[in-house]
1. Taking region 627-672, which residues are in contact with an Asp or Glu (Cβ under 8 Å, 6 or more places away or on another chain), within 21 Å of Ile599 (Cα to Cα) and open to solvent by 30 Å² or more (accessible area, probe 1.4 Å)?
2. Thr618 - would you say it is among the polar types (S, T, N, Q), open to solvent by 20 Å² or more (accessible area, probe 1.4 Å) and touching a strand residue (DSSP E or B) at 6+ places or on another chain (Cβ under 8 Å)?
3. Do we find a residue being in contact with a Lys or Arg (Cβ under 8 Å, 6 or more places away or on another chain), open to solvent by less than 10 Å² (accessible area, probe 1.4 Å), at pLDDT 90 or above and assigned to a loop (DSSP other than H, G, I, E, B) anywhere in region 168-189?
4. Taking the stated definitions as given, is Phe102 at pLDDT 70 or above, of a type outside the set (Ser, Thr, Tyr), in a loop (DSSP other than H, G, I, E, B) and open to solvent by less than 10 Å² (accessible area, probe 1.4 Å)?
5. Within region 636-658, is there a residue that is over 24 Å from Arg130 (Cβ atoms), in contact with a Lys or Arg (Cβ under 9 Å, 6 or more places away or on another chain) and among the charged types (D, E, K, R)?
6. Given the criteria at pLDDT 90 or above and touching a Ser or Thr at 6+ places or on another chain (Cβ under 6 Å), does Glu719 qualify?
7. Go through (1) under 23 Å from Pro133 (Cβ atoms); (2) at pLDDT 95 or above one by one and return the number of the condition Arg668 breaks.
8. Is it true that Gly541 is out of contact with any Cys (no Cβ under 8 Å at 6 or more places or on another chain), in a loop (DSSP other than H, G, I, E, B) and surrounded by fewer than 19 Cβ atoms within 10 Å (Cβ to Cβ)?
Amino acid sequence: MKRSFYILLAIFLIEILICPPKANADFKRELKVNNFWLKVMATGRQTEGTNRLSIAYPKVDEEYYNICHCFGLRLGVVNWQGPDSLVADPDGRRIRLAGAPFGEYQVYEAPEKMFSRPGEGGTMIRKYYRYQPPEVIVDGVPLQPPVMSGERVDAEHIKNFGKNTECTADAIVESYIGTWMGLDIHARYLVWTGKNHDDYLVYDWTFINTGNTDEDEEIELDGESLDSLYITRQAQFMPMEVDWGTNTWTDWWGVTPEQLDSMPLRAQFWYTIPIPGGAMPGTWALGLSWAQCSGEYGRGYIDESTNITCATIFAPKTSDGLHPVENQFPNNPAADDSIQPRSNSNCDCNDAPFKYHSGEHSKAEWEVVYNVMKYGQTVNPDPLYQDDMYLMQDIPASDPMHYWIGDPFPNTYHNVPSADLPGAVPTDISWYTVWHAPAQSSFGPYQLEIGDSIRLVQVLALGGLDAQTRYDVGQAWLNGTLRYDGEPNCPHKWYEHPEIWEGAPDPITDSATLAKDEWIYSVLDSVKLNALAAQWNFDNGYSAPVPPPPPELFEVASRPTHIELNWGTQSEEVSDFAGYKVYRALGNPGPAFKGGNLIGQWELIYQCGGGNPGGDVTYSGSIEHSFDDITAQRGQDYYYYIAAFDDGGETDYNGTTEPLESSIWLTRTTVSTTLNAPACEYLDSIRVVPNPFSMKAGEADLQFINTPYKLMFVNLPPECTIDIYNETGDLVKTLNHTDGSGGEAWSDATRQHYLTTNSGQMVVSGIYIAHIVTPEGESKNVKFVIVR
């Protein structure tokens with residue numbers, strides 16, 4: 001095992017030397033191919049500042065995310081044999097910490113200062129695709145698609161992930177970093193886009209004791225082991241629109257034998273709770289009256305219902321209580337330790353030991369952090385230090401903490417879950433459980449000799465009600481007719497303490513409001529199922545069924561009588577390819593609530609291949625690569641995406657065999673398409689819109705929505721040449737109008753810059769003259785003004 005990891009280390013060092021990393025811009029990558037969007041940093045942490053934010057279930061506006069999920073990563077050992085600058089404890093044991101929480105401040109925002117060894121050789125991050133990401137073009141302008149910017153297309157690299165595996169991930173972000181304690185991390189983040197596997201992201205990490213504590217190749221701690229190593233994941237979750245997480249609870253699952261017997265899942269769950277006056281109206285609406293959630297906001301729907309979990313898929317056993325079991329890479333479920341994580345806890349996110357990076361800690365803070373990593377909190381049944389800690393016997397037997405800290409499994413330690421804390425309403429409970437406190441899960445202890453490694457695999461899984469259900473539930477709640485007939489889902493306090501509603505303005509305790517909460521909490525079942533699907537995927541060597549790749553090109557063009565769609569053939573390279581489906585949304589590139597109504601629902605309008613879907617869907621039995629949407633209506637904004645689907649021959653984790661489609665996020669158009677104006681034969685009708693053109697108005701979306709730097713020539717003949725001159729008579733731009741419509745745009749192809757000349761320069765403010773000539777030689781001059 002040691003030899004294989006030295007080979008792996010050599011390969012990554014070669015990659016670093018060939019492609020040295022740049023500054024922070026190259027320190028993170030984005031995963032945006034399925035329903036779970038995440039910004040990944042090489043250090044294994046997702047920060048609340050740099051990432052802004054780690055997210056799930058993206059909304060239409062790609063700068064707005066409805067879930068914030070931040071991660072920190074900490075490492076701690078004792079009996080440290082490293083540099084003398086480290087402080088020894090009274091018994092001569094030397095604690096060493098590495099890593100950082102999700103917070104970041106001042107100069108320590110630089111990841112190299114917080115986590116990895118200094119110098120350019122300390123970090124490496126790569127991103128791999130299983131297939132070529134598609135290019136999406138709308139009216140001749142390439143979009144910045146809602147997917148990752150490309151790095152490498154390497155199906156073989158993904159397929160050969162680890163040993164003896166046929167990995168089917170659609171994309172992998174892979175990083176290699178070194179830490180100050182000589183523990184190097186090879187981190188992999190895997191995502192899939194197929195049904196049943198598009199709502200989670202897998203973290204697959206290998207930790208290797210190299211003994212290298214700085215940027216050069218010399219091994220400073222040759223022969224030294226890492227003693228009593230703990231690996232701690234610090235997570236913070238909150239729905240957006242919430243008053244900075246003030247209504248978030250954290251609960252543990254799988255930390256008792258009874259829980260694991262009923263559901264084989266070790267996980268943290270975050271969910272919202274009703275806090276009187278603590279949540280902004282219209283978010284999840286838990287415990288709030290309809291007047292609060294609709295009233296002045298005029299909403300007739302449940303705005304959000306997404307929930308999330310961080311579940312442990314694989315944590316290594318140890319052969320003697322410390323040393324890792326051999327031969328567990330890439331997959332050895334028999335070596336999985338069911339009692340890991342060994343501790344779970346919440347902590348004050350503003351406490352310096354947990355908010356700031358390890359380099360800012362004092363001796364006392366290092367002691368606190370290590371003991372919290374080990375015991376979950378400063379309650380210490382076997383204290384390493386006796387100064388200001390208190391012992392287990394100081395906790396009354398009636399306190400729920402006595403049980404949770406008192407070994408539900410042997411030698412495990414857990415905070416009291418939020419729902420089991422004393423007090424009936426959230427305001428009775430310690431503040432840290434309800435104010436975006438980080439939840440910590442610690443794995444260990446491990447004893448790593450030089451060359452030893454351990455592997456830790458976790459998954460972030462999520463689920464939520466679809467937009468139509470949220471709208472229907474909201475309408476029924478508004479009308480007082482909502483009912484829920486399933487199993488109870490709410491935390492038991494909902495039923496045991498009706499006073500939980502007290503204190504909220506205009507409290508409502510009617511059955512419709514309770515049913516609304518039951519509907520929202522029903523998503524926990526979906527979250528658990530998605531986490532279990534990830535576990536099944538891991539157990540089967542990451543070989544989940546996958547759909548065909550999307551076409552490498554999807555082009556949408558406005559025409560006077562129809563919307564024209566064309567696509568490529570990449571999807572047909574796989575053996576189980578069956579056909580294509582085209583979906584269309586009206587008014588928005590996906591479901592959204594506007595003016596109290598639900599708009600932007602995707603509908604299937606065309607299919608080629610496979611069986612005839614019937615209904616109003618246009619169908620072709622043969623495989624085509626173009627489609628004209630002749631049902632589009634003038635004046636309406638349309639959005640499209642194309643999906644390739646297969647013949648459904650593979651069996652999934654739930655025993656189903658059904659056709660799979662490529663992801664919507666890969667080909668979705670985010671700029672609207674409308675029917676072009678018809679051509680006009682009268683040159684005197686030609687107009688420039690807007691005139692004058694204002695750069696500031698364009699950036700404010702007062703001219704063309706989502707296309708700020710666009711100027712249109714309208715009422716054109718079917719074909720013509722447009723030569724644009726400045727007021728001194730210099731030719732600055734030539735546009736060839738050939739599509740037969742009555743409109744032609746002058747816009748920047750990237751949609752990011754100002755109008756450009758033939759030579760790529762930005763035009764300046766001034767008066768311009770467009771000389772328009774038809775193939776027959778007729779001409780017209782049109783004057784317009786540009787204001788920068």
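The values are calculated or read from the model by the stated rules, or taken from the named source; none is laboratory data. Owing to the predicted nature of the structure, the values given are computational and were not obtained by experimental measurement. Cβ atoms come from the backbone with ideal geometry, glycine included; neighbour counts cover every protein chain shown. Quick note on the areas: whole protein, heavy atoms, side chains included, nothing else; ligands and nucleic acids left out. Shrake-Rupley method; radii C 1.70, N 1.55, O 1.52, S 1.80 Å.
1. Scanning region 627-672 gives a single hit, Ser672.
2. On the way: among the polar types (S, T, N, Q): yes; open to solvent by 20 Å² or more (accessible area, probe 1.4 Å): yes; touching a strand residue (DSSP E or B) at 6+ places or on another chain (Cβ under 8 Å): yes.
Judged against the criteria, Thr618 is a match.
3. Within region 168-189, one or more residues are in contact with a Lys or Arg (Cβ under 8 Å, 6 or more places away or on another chain), open to solvent by less than 10 Å² (accessible area, probe 1.4 Å), at pLDDT 90 or above and assigned to a loop (DSSP other than H, G, I, E, B).
4. On the way: at pLDDT 70 or above: yes; of a type outside the set (Ser, Thr, Tyr): yes; in a loop (DSSP other than H, G, I, E, B): yes; open to solvent by less than 10 Å² (accessible area, probe 1.4 Å): yes.
Criteria met by Phe102.
5. Narrowing region 636-658 to residues over 24 Å from Arg130 (Cβ atoms): 636-639, 655.
Adding the requirement that they be in contact with a Lys or Arg (Cβ under 9 Å, 6 or more places away or on another chain) leaves 638-639.
Going one step further and asking which of them are among the charged types (D, E, K, R), we end up with none.
Scanning region 636-658 turns up no residue that is over 24 Å from Arg130 (Cβ atoms), in contact with a Lys or Arg (Cβ under 9 Å, 6 or more places away or on another chain) and among the charged types (D, E, K, R).
6. yes
7. (2)
8. Working: out of contact with any Cys (no Cβ under 8 Å at 6 or more places or on another chain): no; in a loop (DSSP other than H, G, I, E, B): yes; surrounded by fewer than 19 Cβ atoms within 10 Å (Cβ to Cβ): yes.
No; evaluated as a whole, the condition is false for this residue.
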